[in-house]
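The values are calculated or read from the model by the stated rules, or taken from the named source; none is laboratory data. Nothing here was measured: the structure is a model prediction, and the numbers come from that model. Neighbour counts run over all protein chains shown; Cβ positions are idealised from the backbone, glycine included. Note: accessible area is taken over every heavy atom of the protein model, side chains too, but ligands, DNA and RNA are not part of it. Shrake-Rupley method; radii C 1.70, N 1.55, O 1.52, S 1.80 Å.
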Amino acid sequence: MTLYEADKGHSYYITGLYVEPSVTRRLQALGLNDGTVVKVLNRKKRGALIIQVRGTRLALGKHISSNIEVKIKEEGTTEDE
Amino acid sequence: MNSGEKKKHINVACVGNPNCGKTTLFNALTGSRLKVANWPGVTVEKVEGETAYEDTKITLIDTPGIYSLTCYTIEEKVTRSCVMDDEIDVIINIVDASSLERNLYLTLQLLELGKPIVLALNMMDIVKERGMEIDLHRLPEMLGNVPVVPVSAAKRTGLDILLHAVIHHYVEGMEEYILDYPEVIENKIAKLSVMMQAHYPTHSSVRWHAIKLLEDDEEVKKEHPIQVTNVADKSYEKEIIQCKYAYIEKVVHECLFHKNRKAAVTDKADRVLTHPVWGIPVFLLIMCFVFFLTFTVGDALKGVFEEALAIFSDGVTGFLAGIGVSGWLKSLIVDGIIAGVGGILTFIPNICILFLALAILEDSGYMARVAYVMDSVMGRVGLSGKAFLPMILGFGCTVPAIMATRSLETEHDRRKTMMVIPFMSCSARLPVYVLFSGMFFENYAVFAALSMYIIGMVIAIISALVFNRLEKGKVNDSLLIELPEYKRPNARTIRIYVWNKLRDYLSKAGTTIFIASIVIWFLLNFGVTGMVADAADSFGAVIGRILVPVLKPAGLGMWQIGVALLAGISAKEVVVSSFAVLFGVTNANSAAGMSTILENVHAVNPDFGSLNAYCLMLFCLLYVPCIATVATIKKESGSWKFTLKMLAFELLLAWSVSTLVFQLGSLLQGLF
């Protein structure tokens, strides 16, 4: 699944970045790599979402979030990473 | 590396992530002794300040906030060329302790440079507030023994220790620090280092350059054209970044305790402020409140300025008469300069409140949310939500707003944003609204003025939409922005911000508006026959009359308005100054001044009513921006063609909109 399809309040592992290279580099510099855990804090129905990653919050547009592959993190481990 | 004589004057660069409190720290260290300097070779303005520790003079250089030492954005390029400069002796890396994990990434990159670095651990109070703890012994150990100094930029604690560390570290020099990459990469770094050393024997940060070559960094490759393809067979950037973050995770694991004990306040505030439905209404409400305050509280305070100006003006008149100054000189000073410049000064309370509100919004962390909230609207016009931030700055002053478009990713987005920023009504247009809404709308003055801001914003968005349709642009949905924690705005930061803006305003009153007032006075008091008694015979009237046929359909067919609008291109406030000079009032922004102008306007044109006044306000909102803005747009876009096209568009739009409103309005007035 992609990050765009993710639900508010859940945590996910990143499994792949498929945005254009320039954006990928910036995301990597912000700490979004394979295996990084992100939590969806808020989202608009169709559009941008807010994630928590490495202790900070990022707002990502649909184009970016729909090109990030993620895998849901098991329940029960979401609170304490 | 720092052997030999030690200078008594050192250059220190402040480097850090955006929102790490860098500017607050910079202000705390340098006080108000700020100056803006142009960095050689770069067109970007940078802030420099002076401070001293014991007998060493320190020049601090503030750089744009960056996440990484790559060169993908303008900010990164500026900061990178600054820290790479041999003039820089020490780097202060400001780290937001409350988001250590992300901030340390830049730190690891800076450490590879091999320059002396001091870590300023900022926002320790927030760390404590959240119940987190940082092991201040282990942290420097894991970072190659760089000095780590906890500071609070807001409360100004730890600053002396920081400066001491800077001097001490500069004298001692840098210890070699190595983050070990996997063997494959280390081997390649070693090989590239040897090649670098062979080609550039005097080079100081060989390892950093070797790593950058492995990352396939464009600029480094350009500057060091050595054949590396046999070693750097592909970009190892991803692997190198992952190694750094893996190491950071280790550092955080060992040094940071009780992580994730919640920033409850931010999450609660965000529930309302970034709500999917209420986000936009809440934003509009906040902005309306800001402008409402600007007009009402500002107006309440202006009485003080009015009285002061009246006393001053009377005093000068009396003094000049007393020493027997000739009539023309008295007229120049009282009717020209005092009326032109003094009238503008009475708007200081409004300006202060506007900038105070903008400063609070910026410093609290709300601005970044606006980018998220407005992303869907902006996306539809082909811009990212981030483009809305420079537009909001445009409410203050268009010039810094145009410069702020640098944060946008593509040149195309920059130009489109630059094109619409002038429609965001800047503080210089505020006096025009205050004057004309005050004269013609009485009890509804606030609403008439407020409507200008809304109309400006709507026109900005509509024109961006039209451009997007014309070029068959797509929806832009590639927003990427960090949302900082909310924090209580820092009084000192806000004071410095407002003071700087106020100083700009005052210096504009002392230069541009001063000169414009003299020129206008000359144009209105002299004609082909020399000094004229009636302004209708003056040069100004001749020029103004040329514009009358053009302005007539918009309800602005008076030569006086033509002159005022023309003069207003020097600075928008000059429209008000011109009216003051034209109708001989010392203080346009007072009840007496307003009624005199009103009387005189009606003497010239009895039909000039509230509809005409509204069209005049509209025209001032939309027509060509001031000279300073035009120069900035030319500089930032690097194209005269673009700048001229933009001016033509704005002039045409201003005329069309005010004509449309006037014609429709007249029609409606005829019906009822």
Relative contact order for chain A, counting Cα pairs under 8 Å that sit 6 or more residues apart, in percent: 41 percent
Protection proxy ranking, peptides B:235-241, B:97-103, average beta carbon neighbours within 10 Å, highest first: B:97-103, B:235-241
Protein accessible surface hidden between A and B, which excludes ligands and nucleic acids, total in Å², probe 1.4 Å: 3100 Å²
Dipole of chain B, positive direction: furthest Cα of B:ALA300, B:ILE94, B:SER407, with charges on the beta-carbon: B:ALA300
The protein assembly as shown shape via C-alpha gyration tensor axes, a/c threshold 1.5: prolate
Under 5 Å, built H, 5+ apart or other chain: amide partners of B:THR157: B:SER152
Per-residue average of Cβ from other chains inside 10 Å of A:64-74: 1
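For the pair B:GLU141 and B:LYS191, what calculated FRET efficiency results from E = 1/(1 + (r/R0)^6), where r is the Cβ-Cβ distance and R0 = 22 Å, to the nearest 0.05?
Numbers: r = 30 Å, r/R0 = 1.35.
Approximately 0.15, to the nearest 0.05.
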Lysines whose Cα lies under 26 Å from that of A:LYS73, excluding same-chain neighbours fewer than 8 positions away: A:LYS8, A:LYS39, A:LYS44, A:LYS45, A:LYS62, B:LYS238, B:LYS244, B:LYS250, B:LYS259, B:LYS262, B:LYS268
Radius of gyration and maximum dimension Dmax of chain B, Cα, Å: 28.9, 90
Chain B: calculated mean residue ellipticity at 222 nm from DSSP helix runs of at least 4, using -39500 (n - 2.57): -18500 deg cm²/dmol
Segment B:ARG495-B:LEU660, length gained on full extension (0.36 nm per residue, minus Cα span): 55.1 nm
By average C-beta atoms within 10 angstrom, highest first, the peptides B:525-534, B:134-143: B:134-143, B:525-534
Helix axis angle, B:159-172 relative to chain B longest principal axis, alpha carbon, degrees: 50 degrees
Relative contact order [Cα under 8 Å, 6+ residues apart], the range B:73-205, whole percent: 24 percent
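Return the average number of partner chain Cβ atoms within 10 angstrom of each residue Cβ along peptide B:244-252.
Working: counts 4, 8, 2, 0, 2, 3, 0, 0, 2.
Taking the mean over all residues of the peptide, I get 2.
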Kirkwood-Stokes translational diffusion coefficient of chain A, alpha-carbon pairs, 10 °C, 1.306 mPa s, µm²/s: 128 µm²/s
Folded to 0 to 90 degrees: helix B:411-420 orientation relative to chain B principal axis, Cα: 30 degrees
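Quick check: at a probe of 1.4 Å, how many percent of the accessible area of the range B:9-172 sits on carbon and sulfur atoms?
51 percent
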Nitroxide proxy distance, nm - points 7 Å out along Cα→Cβ at B:THR317 and B:ALA246: 8.2 nm
Segment B:SER331-B:LEU651, length gained on full extension (0.36 nm per residue, minus Cα span): 111.8 nm
Globularity ratio of the range B:279-671, using Cα Rg and 2.2 N^0.38 Å: 1.00
Selection from B:ILE61, B:THR596, B:MET418, by position along the positive dipole direction of the protein assembly as shown (Cβ): B:THR596
Virtual spin-label span in nm between B:VAL184 and B:PHE447, 7 Å along Cα→Cβ: 7.1 nm
Prolate/oblate/rounded call for the range B:521-672, Cα gyration tensor, a/c under 1.5 rounded: oblate
Antiparallel bridge percentage (DSSP; both residues within the protein assembly as shown; nearest 5): 65 percent
DSSP beta bridge pairing in chain B, given as percent antiparallel to the nearest 5: 45 percent
Using a Förster distance of 35 Å, the FRET efficiency for B:LYS474-B:CYS288 (Cβ separation, nearest 0.05): 0.65
Beta bridges by DSSP in the range B:9-172, antiparallel share as percent, to the nearest 5: 40 percent
Shielding of A:38-48 by partner chains, average beta-carbon count, 10 Å: 5
Computed magnitude of the charge dipole of the protein assembly as shown (debye, nearest 20; Cβ of K, R +1, Cβ of D, E -1): 1380 debye
Three-way shape call for the range B:9-172 based on the alpha-carbon gyration tensor, with the a/c threshold at 1.5: rounded
Sites B:ARG156 and B:ASP55 - FRET efficiency at Förster radius 22 Å, r taken between beta-carbons, to 0.05: 0.50
Entries in B:LYS501/B:LYS572; B:LYS57/B:LYS635; B:LYS221/B:LYS416 that, when Cα-Cα distance is taken, lie over 28 Å: B:LYS57/B:LYS635; B:LYS221/B:LYS416
Relative contact order (%) - the range B:370-442, alpha-carbon pairs under 8 angstrom, separation at least six: 26 percent
